[in-house]
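**Student:** If you scroll down you'll find the structure; I have some questions about it.
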Amino acid sequence: MKRSVKLVVAVLASAALLGVGAHAAEPKKAAKAKRVAKAPEDPTVAAPKTGTSEKGFLAKHESFLKRAKEGSIDLLFLGDSITEGWRGAPEVWKKYYEPLHPANFGIGGDRTQHVLWRITNGELDGISPKVAVLMIGTNNVGDNTAESIAKADAKIVQTIREKLPKTKVLLLAVFPRTGADRMAKIKAINADLAKLDDGKTVRYLDIGAKFLDAEGNIPKDIMPDGLHPNAKGYQIWADAMQPLLDEMMK
């Protein structure tokens, strides 16, 4: 009987120790998971894409270097997928921009740090466009503050002006997109971007209202996914930007 009691006590004690060990391990696992979580990249520090996007990003970058070497670029577009998407509206592009010797250096998924990396790694070398149209920052909205995104855009503008002193910058406000929180941040970004307009070499243009209906919503027949314009959306963009672009191209 005594042996049985001792055995039960031993089993209970072992179970208690295992329980304590298991509970003690949980905070360690949580701490480890917390350490592994990657901090958002600084949007003001130039960086290439890494991971699964790296190969495609670098391939497009190389194609832009090749295009730059070909020369004859009077109008340069810089940005992310919204800029790259001009390829989906070829008729609008041909009518408005083909006569202006354009180049489209837009890459889907790009953030400010990626554009900074591209323009400091050869994409602006050997060219001297009359105007560079820039819109970038919407892909940073989920991770970075409005202030830091605006500072990154300002750094991109400064870099363009330093590398291309004869080029004027047409800085577009970040386009509207679905989501109240995102739109609030975009509004704050654009308020800072507007301050970069010097009336001469850097001009700021906000055409966001052109993409909204009377209730302030984004119609699906302009931006089906609430972010990327379709051909109708690019027509709206071209029409809204043309007066200022004409002035800057003189």
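**Student:** Quick one: would you say residue 153 is crowded, with 23+ Cβ neighbours inside 10 Å and acidic (Asp, Glu)?
**Tutor:** Judged against the criteria, residue 153 is a match.
**Student:** Looking for whichever is surrounded by 13 or more Cβ atoms within 10 Å (Cβ to Cβ) and among the basic types (Lys, Arg) here; the options are 195, 220, 163, 200. Which one fits?
**Tutor:** Unique residue meeting the criteria: 163.
**Student:** Please enumerate the residues belonging to segment 203-217 that are more than 14 Å from residue 237 (Cα to Cα) and surrounded by 14 or more Cβ atoms within 10 Å (Cβ to Cβ).
**Tutor:** Of everything in segment 203-217, those that are more than 14 Å from residue 237 (Cα to Cα) and surrounded by 14 or more Cβ atoms within 10 Å (Cβ to Cβ) turn out to be 203, 204.
**Student:** If I go through segment 16-44 residue by residue, how many of them are hydrophobic (A, V, I, L, M, F, W, C) and modelled with pLDDT of 50 or more?
**Tutor:** 3
**Student:** Give me a count of the residues in segment 64-92 that are outside any helix (DSSP H, G or I) and of a type in the set (Gly, Ala, Ser).
**Tutor:** So the count comes out to 4.
**Student:** Moving on to the next point. Determine which member of the set 235, 242 is touching a residue at least 24 places away in the same chain (Cβ under 8 Å), surrounded by fewer than 15 Cβ atoms within 10 Å (Cβ to Cβ) and assigned to a helix (DSSP H, G or I).
**Tutor:** Result: 242 is the single residue among 235, 242 that is touching a residue at least 24 places away in the same chain (Cβ under 8 Å), surrounded by fewer than 15 Cβ atoms within 10 Å (Cβ to Cβ) and assigned to a helix (DSSP H, G or I).
**Student:** When both residues are 6+ apart or on different chains and their Cβ atoms are under 7 Å apart, which pairs have a first residue that lies in segment 107-135 and is touching a residue at least 24 places away in the same chain (Cβ under 8 Å), and a second that is surrounded by 24 or more Cβ atoms within 10 Å (Cβ to Cβ) and among the basic types (Lys, Arg)?
**Tutor:** So the pair list comes out empty.
So that you can scan it fast, the table gives a plain yes or no per residue for (1) more than 16 Å from the chain's Cα centre (by Cα); (2) surrounded by fewer than 18 Cβ atoms within 10 Å (Cβ to Cβ); (3) of a type in the set (Lys, Arg); (4) modelled with pLDDT under 95:
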| site | (1), (2), (3), (4) |
| --- | --- |
| 46 | no, no, no, no |
| 72 | yes, yes, no, no |
| 83 | no, no, no, no |
| 89 | yes, no, no, no |
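Here's the yes/no breakdown for (1) assigned to a strand (DSSP E or B); (2) out of contact with any Lys or Arg (no Cβ under 8 Å at 6 or more places or on another chain); (3) surrounded by fewer than 20 Cβ atoms within 10 Å (Cβ to Cβ):
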{"residue": "95", "(1), (2), (3)": "no, yes, yes"}
{"residue": "105", "(1), (2), (3)": "yes, no, no"}
{"residue": "109", "(1), (2), (3)": "no, no, yes"}
{"residue": "118", "(1), (2), (3)": "no, yes, no"}
{"residue": "147", "(1), (2), (3)": "no, yes, yes"}
{"residue": "169", "(1), (2), (3)": "yes, no, no"}
{"residue": "177", "(1), (2), (3)": "no, yes, yes"}
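**Student:** Same structure, new question: Search segment 79-98 for residues that are assigned by TED's automatic domain parsing to the domain that holds residue 112 and pair each with any residue that is in a helix (DSSP H, G or I) and crowded, with 19+ Cβ neighbours inside 10 Å when their beta-carbon atoms are under 6 Å apart and the residues are at least 6 apart or on different chains.
**Tutor:** From residues that are assigned by TED's automatic domain parsing to the domain that holds residue 112, the pairs are 80/139; 89/234; 92/234; 93/86.
**Student:** In addition: Only one of 195, 220 is more than 24 Å from residue 102 (Cα to Cα) and either in contact (Cβ under 8 Å) with a residue 12 or more places away in the chain or assigned to a helix (DSSP H, G or I) (or both). Can you tell me which?
**Tutor:** So the residue among 195, 220 that is more than 24 Å from residue 102 (Cα to Cα) and either in contact (Cβ under 8 Å) with a residue 12 or more places away in the chain or assigned to a helix (DSSP H, G or I) (or both) is 195.
The values are calculated or read from the model by the stated rules, or taken from the named source; none is laboratory data. Remember, it's a predicted structure, so these values are computed and weren't measured experimentally. Backbone-built Cβ (ideal geometry, glycine too); neighbour counts: all protein chains shown.
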